[in-house]
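Let me begin by presenting the structure, written as structure tokens, before commenting on it.
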Amino acid sequence: MQHPKVNKEKDTSRIVYNSNIMVADIPEEAYDYVVNGKSAIEWVMSRQGVSTHKDSGIVNDANDFAIETVGDPAYPLRLLAKVITVSLETTRIVKTLREIEFS
């Protein structure tokens, strides 16, 4: 999973899931929901993507893990979609909350 580049700039409105699937029209405010210093969307992208360890060559594929644990190879994509929705809704709710004053 990665953001495509447009004029050498990362396009955060789209996420390339694989060569056949692209998630598009992601609002910028979806990235406002931050968990542990990173947007929840970017956290999912880093954890649920396919990566190869440089030294050992071991491939970490979230799709394989999803098949083994939850029996659904589309789980990483479904999780990404859910996190985008949760991020947008959480941001919307937080904006409606009134300020609490402490004395």
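Since every read-out is calculated from the coordinates, none of them should be taken as a lab result. Only a predicted model underlies this, so the values are computations on that prediction, with no experimental measurement involved. So basically every Cβ, Gly included, is an ideal-geometry build from the backbone, and we count neighbours across all protein chains shown.
Observations, loosely collected:
- Gained length - K5 relative to D64, 0.36 nm times residue gap less alpha-carbon distance: 18.5 nm
- Computed from the C-beta positions of V94 and D25, the FRET efficiency with R₀ = 22 Å rounds to 0.50.
- Neighbourhood net charge (15 Å Cβ-Cβ; Lys/Arg +1, Asp/Glu -1) for P76: -2
- Only the Cβ atoms of Lys and Arg (+1) and of Asp and Glu (-1) were treated as charged; on that basis the dipole of the range 1-59 about its Cα centre amounts to roughly 280 debye.
- Under the criterion of Cα pairs below 8 Å and six or more residues apart, the relative contact order for the chain equals 21 percent.
- Exceeding the 22 Å Cα-Cα cut-off - candidates K38/K82; K5/K82; K10/K38; K5/K95: K5/K82; K5/K95
- Convex hull per residue volume in Å³, alpha carbons only, for the chain: 172 Å³
- The range 1-18 versus the range 26-103: alpha-carbon centroid distance in Å: 16 Å
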